[in-house]
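Input: a single structure, listed below in C-alpha cells.
The values are calculated or read from the model by the stated rules, or taken from the named source; none is laboratory data. Nothing here was measured: the structure is a model prediction, and the numbers come from that model. In this analysis, Cβ positions are derived from the backbone assuming ideal geometry, glycine residues included, and neighbour counts consider all displayed protein chains. Protein only, heavy atoms only, side chains kept; ligands, DNA and RNA dropped before computing areas. Shrake-Rupley method; radii C 1.70, N 1.55, O 1.52, S 1.80 Å.
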Amino acid sequence: MTTLTCPSAPASPGAVLLGMKGAEGRIVPLRTRMEVDAEFLASASRQGPPEARMRFASPCRSEGCAQWTGTACGIIQRVLDHIDRLPDPPLLAETLPPCTIRQSCRWFSDRGRPACAACDLVVTDQVAAGS
Ligand code: SF4
C-alpha cells in the first residue's frame, strides 16, 4: 500500500516544500520537487514560523494525527465545507495546479479535484500568519 502524503505538514528536515505564499495570500506551488534540510529551515525560521508562509509535505500519519477524522483528513474537509457555505466564495482554479506530490497526496486521494482547486487557500500555521 502506498503511503499517502500530507500536504500541510510541519516544517521538518526531509519535508517537501510545496509552495510559498504569494502577494494575494494564496500559496504559489513549486514546479520542481524540493526537499528541505535543517539549514534551509533555520534560515526560513529567522522570519518567523515557516508554516505561516510556506507549505510542506511529509508522510500522512492518519490515526497519529489530530486532524484525522477516522476515515479521512479533516483539514481539507473543513476547507471545502467552509467554501460551500460562503455567500461569495473565492475563485477556485478550474484546471489542476502544478503539484509535485499529487500522485500520493492525501487530500487528492480523499477529495479529488476540488481539493486541488482549494489547496492554495490553505496556510498551515494560520495563527502565526495572522489570519
Ligand atoms: S490537494 Fe492537489 S494541489 Fe494540493 S497538494 Fe494535494 S494534489 Fe497537490
The range 1-86 - percent of accessible surface contributed by carbon and sulfur, probe 1.4 Å: 53 percent
Area projected by the alpha carbon convex hull of the chain, averaged over all directions, nm²: 8.4 nm²
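Which value at 222 nm does the chain reach when only helices count, each DSSP H run of 4 or more adding -39,500 (n - 2.57), with the total divided by all residues and rounded to the nearest 500 deg cm²/dmol?
Mean residue ellipticity, 222 nm, calculated: -7500 deg cm²/dmol.
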Per-residue ³J(HN,Hα) for the range 114-128, Karplus 6.51 cos²θ - 1.76 cosθ + 1.60, θ = phi - 60°, Hz, x for Gly and Pro: x, 5, 5, 5, 9, 4, 6, 7, 8, 10, 4, 9, 6, 5, 5
For the range 67-112, average projected area of the Cα convex hull in nm²: 3.9 nm²
Heavy-atom surface of the range 5-129, accessible at 1.4 Å and reported per residue (Å²): 58 Å²
Under 5 Å, built H, 5+ apart or other chain: amide partners of Gly19: Leu30, Arg55
For the range 1-57, alpha-carbon Rg relative to the globular expectation (2.2 N^0.38 Å, N residues): 1.12
Shape parameters for the range 24-63, alpha-carbon atoms, Rg then Dmax in Å: 11.9, 34
Debye, to nearest 20: dipole size of the chain, +1 on Lys, Arg Cβ, -1 on Asp, Glu Cβ: 140 debye
